[in-house]
1. Kindly give the semi-axes, whole Å and largest first, of the ellipsoid equivalent to the stretch 31-103, taking each as the square root of 5 times a Cα gyration tensor eigenvalue.
2. Which value results for Rg/Rh of the chain when Rg is the Cα radius of gyration and Rh the Kirkwood radius based on the inverse mean 1/r?
3. How many Å³ per residue does the convex hull of the Cα positions in the stretch 71-173 occupy?
4. Which value in nm describes the separation of the simple spin-label points at residue 62 and residue 117, placed 7 Å from the Cα toward the beta carbon?
5. Considering Cα pairs under 8 angstrom that are at least six residues apart, work out the relative contact order of the stretch 5-166 and quote it in whole percent.
6. So if a site counts as exposed when it's one of the trypsin sites (Lys or Arg not before Pro), its DSSP state isn't H, G, I, E or B, and it has at most 15 other Cβ atoms within 10 Å, what's the longest stretch of the chain without one?
7. Zone of residue 173 (label point 7 Å along Cα→Cβ, backbone N under 14 Å): which residues in the stretch 1-40?
8. Could you state the angle between the C-alpha long axis of helix 45-66 and the longest principal axis of the C-alpha atoms of the chain, as a value from 0 to 90 degrees rounded to the nearest 10?
Amino acid sequence: MNKPIFLVGFMGSGKTTLGKKLALHLERKFVDLDEVIVERVGMSIPAYFAMYGEDSFRELEREVLHEQTEINIVVSTGGGSPCYFDNMQWILNNGLAIYLHLSPKALYSRLQQSNIAKRPALKGLQGDDLLHFIENKLLEREPFYKQAQLQIDQLHTSLDDLSQSIKQYATST
């Protein structure tokens, strides 16, 4: 398959972790959109949000996404990336989108264990407030995520199974 692979899904779904493993497994370059943005602006995403706001961040995120046209890459998108502008349609037109699905409770468990300070949308949220935020935001974003050509259950899909699904998709198109 000669298209970029874009991993989409909610924050904490494992896009970066799985993306690195998948890129290695498929002998592709790995690109994390958030890391590209941090490198470009010279500050963390929370600092950028605080200084310039979400609208400016989403515009920059779109610009960086649209630059990812190399054929042999695996791209970890931000959790909101597919949900703004024409981003999901662009992803579908230019590559293979894979939705990494997790239940709200699994996401909650992962996010509680992560560095929440790195995630501007979660600032100040904990306990039931965090779980409700995840449930509501996931309802809002899933219509975008579910447009992906492949959808996988992140808890029950091995790297080999995912690679096989990608190969099957590539031969069927």
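Read-outs: derived from the displayed coordinates by stated rules, not from any lab. As the structure is a computational prediction, the values presented were derived from the model and not from experiment. Every residue, glycine as well, gets a Cβ built from its backbone with ideal geometry; the counts of neighbours run over all protein chains shown.
1. Numbers: eigenvalues 88, 37, 29 Å².
Gyration-tensor ellipsoid for the stretch 31-103: 21, 14, 12 Å.
2. Details: Rg = 15.5 Å, Rh = 16.4 Å.
Computed over Cα atoms, the ratio is 0.95.
3. Per-residue hull volume (Cα only) is 119 Å³.
4. Using points 7 Å along Cα→Cβ, the separation is 3.2 nm.
5. Values: 202 pairs, mean separation 55.6, N = 162.
Worked out over the stretch 5-166, it gives 34 percent.
6. Values: sites that count: 123, 146.
After excluding every exposed loop site, the longest remaining stretch is 1-122.
7. So the set is 1-8.
8. Tilt of helix 45-66: around 20 degrees.
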